[in-house]
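Notes to accompany the following structure.
The values are calculated or read from the model by the stated rules, or taken from the named source; none is laboratory data. Just so we're clear, the structure is a prediction, and the values are computed from it rather than from any experiment. Note: ideal-geometry Cβ built from the backbone for every residue, glycine included; neighbour counts use all protein chains shown. All accessible areas refer to the heavy atoms of the entire protein, side chains included, with ligands and DNA or RNA removed. Shrake-Rupley method; radii C 1.70, N 1.55, O 1.52, S 1.80 Å.
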Amino acid sequence: MKGFDPWAPTDPLGEALHLLRMNGAFYCRTELSAPWGATMPAMPGHLWFHVVTAGSCLLRTDDGPPRAMGPHELVLVPHGQGHALLSEPGVATPNVMDLPRDLVSDRYESLRHGGGGATTHMICGAIRFDQPGARHLIEVLPQTLHIEAADAAPDSWLPSLLRLMAAEAKELRPGGEEVITRLSDILVIQAIRVWLESDPAARTGWLGALHDPQLGRALALIHRRPDHAWTVAELASELAMSRSAFSARFTKVVGEPVMSYVTRWRMQVALRSCEEGRATTAELARKLGYRSEAAFARAFKRVLGVSPGAARKQEFRQAG
């Protein structure tokens, strides 16, 4: 029973969501009065989120005209690119990191900013997903993801969560920062769930394969056991399919051959270990089923474009 997780979902799509475990860089409760503006700096490897709990604002990105956001609306900027929030066109948008903020706890801040006019209240934050499977999912999200309560399914918790977030944001009560940070994490997962269930783009590539009972099981096996010496024949046998039928179907739906996907997944797992400094190159090679350190290092560089050692140094430079 070692490693058994009683809460782990049994379906492949649920398993992908199960991997969305977050490491919050910071969360911020904001009280803004017009005119106001702020630029969110680029944060590679992080997902920005903004929830409007009262009032309205404009979101400005590089990929289109400003978009209006109203109460109970949530927007994700999944790939960490820089963007701006503002009360109206033409106002100054200083870097939010340069604005005075009150530190409530290690990861929770409070910001009051603006010219004294109409007010907007928001909860904003930047979070990072540590699991390779989560990063794999975040990579395929659109540049921005807008979710309104009306977008959710009738039985969704999203409208209730947004209302609860708005109630908590009205005033900071004892333990409020803990409630808001946890609600923020849940809202992000709910927003991704809404996208998975409603956007046709979520039915293509490896995400589309997760919806397939047989291919989804193959992906789950690969994700759970990256150290296993998988072959096309063994995976096909697990699914009670012929080798040729499985191989052709996997390539058509996922968009790459089975063994290419297996290698890429292993390298994502290895990259995370390199970033955390948890294992040497030799240890990673052994844990991921490679017969030699050199063979593993060649595969790592072929897939990711850098050597394991360079990946470690790059992470250390970013951390510093």
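So for the stretch 265-275 (the condition being over 21 Å from the mean Cα position of the chain (by Cα) and modelled with pLDDT of 90 or more), does at least one residue qualify?
Step one: filter the stretch 265-275 for residues over 21 Å from the mean Cα position of the chain (by Cα), giving none.
No, there is no match, as no residue in the stretch 265-275 is over 21 Å from the mean Cα position of the chain (by Cα) and modelled with pLDDT of 90 or more.
So, in the stretch 61-112, how many residues would count as being at pLDDT 90 or above, assigned to a loop (DSSP other than H, G, I, E, B) and either β-branched (Val, Ile, Thr) or closer than 15 Å to Leu32 by Cβ (or both)?
10
Take the conditions closer than 22 Å to Asp185 by Cβ and not charged (D, E, K, R) and apply them to Gly64. Does it pass? Spell out the reasoning first.
Working: closer than 22 Å to Asp185 by Cβ: no; not charged (D, E, K, R): yes.
So Gly64 fails the test.
Do the conditions hold for Glu197, that is, is it open to solvent by 50 Å² or more (accessible area, probe 1.4 Å), among the acidic types (Asp, Glu) and at pLDDT below 85?
Values: open to solvent by 50 Å² or more (accessible area, probe 1.4 Å): yes; among the acidic types (Asp, Glu): yes; at pLDDT below 85: yes.
Yes, satisfied.
Only residues that are part of a helix (DSSP H, G or I) and at pLDDT 75 or above: list them for the stretch 138-167, please.
Initial filter on the stretch 138-167 (part of a helix (DSSP H, G or I)): 138-139, 149-151, 158-167.
Passing the criteria: Ile138, Glu139, Ser160, Leu161, Leu162, Arg163, Leu164, Met165, Ala166, Ala167.
Kindly list, by first and then second residue, each pair from a residue in the stretch 286-303 that is without any contact (Cβ under 8 Å) to a residue 60 or more places away in the chain to a residue that is among the aliphatic types (A, V, I, L, M) and open to solvent by 30 Å² or more (accessible area, probe 1.4 Å), limited to pairs with Cβ atoms under 6 Å and residues at least 6 apart or on different chains.
The qualifying pairs are Glu293/Ala282.
Quickly run through the stretch 250-288 and pick out the residues that are assigned to a loop (DSSP other than H, G, I, E, B) and open to solvent by 50 Å² or more (accessible area, probe 1.4 Å).
Gly255, Pro257, Arg278, Thr280
Taking the criterion of being open to solvent by 10 Å² or more (accessible area, probe 1.4 Å), modelled with pLDDT under 90, within 25 Å of Ser198 (Cα to Cα) and out of contact with any Gly (no Cβ under 6 Å at 6 or more places or on another chain), would at least one residue in the stretch 22-32 satisfy it?
yes
Select from the stretch 289-306 the residues that are in a loop (DSSP other than H, G, I, E, B) and within 25 Å of the chain's Cα centre (by Cα) and write down the one among them that is nearest to Met259 (Cα to Cα).
Quick first cut of the stretch 289-306, residues in a loop (DSSP other than H, G, I, E, B) only: 289-292, 305-306.
Among the residues that remain, those that are also within 25 Å of the chain's Cα centre (by Cα) are: 305-306.
Numbers: Gly305: 18, Val306: 20 Å.
Among those residues, the one meeting the criterion is Gly305.
Just to be sure I understand, how many residues within the stretch 170-189 are under 16 Å from Val75 (Cβ atoms), in contact with a helix residue (DSSP H, G or I) (Cβ under 9 Å, 6 or more places away or on another chain) and either at pLDDT below 80 or surrounded by 21 or more Cβ atoms within 10 Å (Cβ to Cβ) (or both)?
2
For the condition in contact (Cβ under 8 Å) with a residue 24 or more places away in the chain and over 30 Å from Arg128 (Cβ atoms), what is the one hit in Ala245, Ala229, Ala270?
From the options Ala245, Ala229, Ala270, the qualifying one is Ala229.
Pairs please, first residue from the stretch 114-143 and open to solvent by 50 Å² or more (accessible area, probe 1.4 Å), second anywhere and modelled with pLDDT of 90 or more and of a type in the set (Asp, Glu), Cβ atoms under 7 Å, 6+ apart in sequence or on different chains.
Note: pairs meeting the criteria are Thr119/Glu31.
Suppose we filter the stretch 75-107 for residues that are closer than 16 Å to Met40 by Cα and either without any contact (Cβ under 8 Å) to a residue 60 or more places away in the chain or not charged (D, E, K, R) (or both); how many remain?
23
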